[in-house]
Amino acid sequence: MGIRTFISINIDEALKKEINHFITDLKRHSFDVRWVPVENLHITLKFLGHISEETVERVKDSLYNIAPLFRPFRLRFNGMGFFPDMKRPRVIWIDISDKDNLKSLNKEIEERLTRIGLKKEDREFSPHLTIGRVRSLKDREKLIGLIENIKDREFGIIDVDRVFLMKSELRPGGAQYSVIGEFPFKRLQLQDKEEKG
């Protein structure tokens, strides 16, 4: 079967706390949504699925080579939306400003991992933070209206200085994640447009 894995940017406790307050408010409504547990919040750079222990080690080697190519950067979390769209809400997500660094990182990961035999993702990479999955269309209009009214909400900022290789174990209570590798970026000054201005 192998090990179920993904590559991610993990978010800090301050942002998790802010998002948790927000989700707690939404839980007061009767929406049929499976909310992501706060401890599982992350940005997926690439989902690898079930891979062998040997492939896990090859992925680690690739990430050790990729990470030093990047400098630390800052991400701002603001705005919200639905996948695939507002008419058919299935996934509720928080948007991320300044996606260029994430896209560059994803592109490098995709290219390097194809060299060790892993399949390249067909869909275009769309950085976001998933906070919930809609199970049914119960109170759909109310949910859409609420998200629309707060679509420009600011959640916070994180500094990103590494990527993580994560293990995902599917359990009766939901997925449980654990870190199986972390890969620091090059230790240079944080890149931030505001600091340059």
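The table below lists the values:
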quantity: Test item: Cα-centred dipole of the chain, Lys/Arg +1 and Asp/Glu -1 on Cβ, debye; calculated: 500 debye
quantity: Segment ARG71-ASP85, extension gain: residue separation times 0.36 nm, minus the distance between their alpha carbons; calculated: 1.7 nm
quantity: For the stretch 85-197: accessible area per residue (Å², 1.4 Å); calculated: 63 Å²
quantity: Approximate spin-label separation LEU146-ASP12, in nm, with each point projected 7 Å along Cα-to-Cβ; calculated: 2.9 nm
quantity: Relative packing of peptides 3-14, 85-96 - highest average C-beta neighbours within 10 Å first; calculated: 3-14, 85-96
quantity: Rg over Rh, two decimals, the stretch 27-95 (C-alpha only, Kirkwood Rh); calculated: 1.08
quantity: Extension gain from SER126 to THR44, taking 0.36 nm per residue of separation minus the Cα-Cα distance; calculated: 28.6 nm
quantity: Whole-Hz ³J(HN,Hα) from phi, Karplus 6.51 cos²θ - 1.76 cosθ + 1.60, for the stretch 16-21, glycine and proline x; calculated: 4, 5, 5, 5, 4, 4
quantity: Surface share of carbon and sulfur [accessible, 1.4 angstrom probe, percent] for the stretch 71-197; calculated: 45 percent
quantity: Most fluctuating residue given options SER136, SER126, SER62, as computed from a GNM of the chain linking Cα atoms under 10 Å; calculated: SER136
quantity: Per residue value of the accessible surface for the stretch 10-71 (all protein chains in place, 1.4 Å probe), Å²; calculated: 55 Å²
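The values are calculated or read from the model by the stated rules, or taken from the named source; none is laboratory data. Not measured: the values here are computed from a predicted model. Neighbour counts are summed over all protein chains in view; Cβ atoms, including those assigned to glycine, are modelled from backbone coordinates with ideal geometry. Heavy atoms of the whole protein, side chains included, go into the accessibility calculation; ligands, DNA and RNA do not. Shrake-Rupley method; radii C 1.70, N 1.55, O 1.52, S 1.80 Å.
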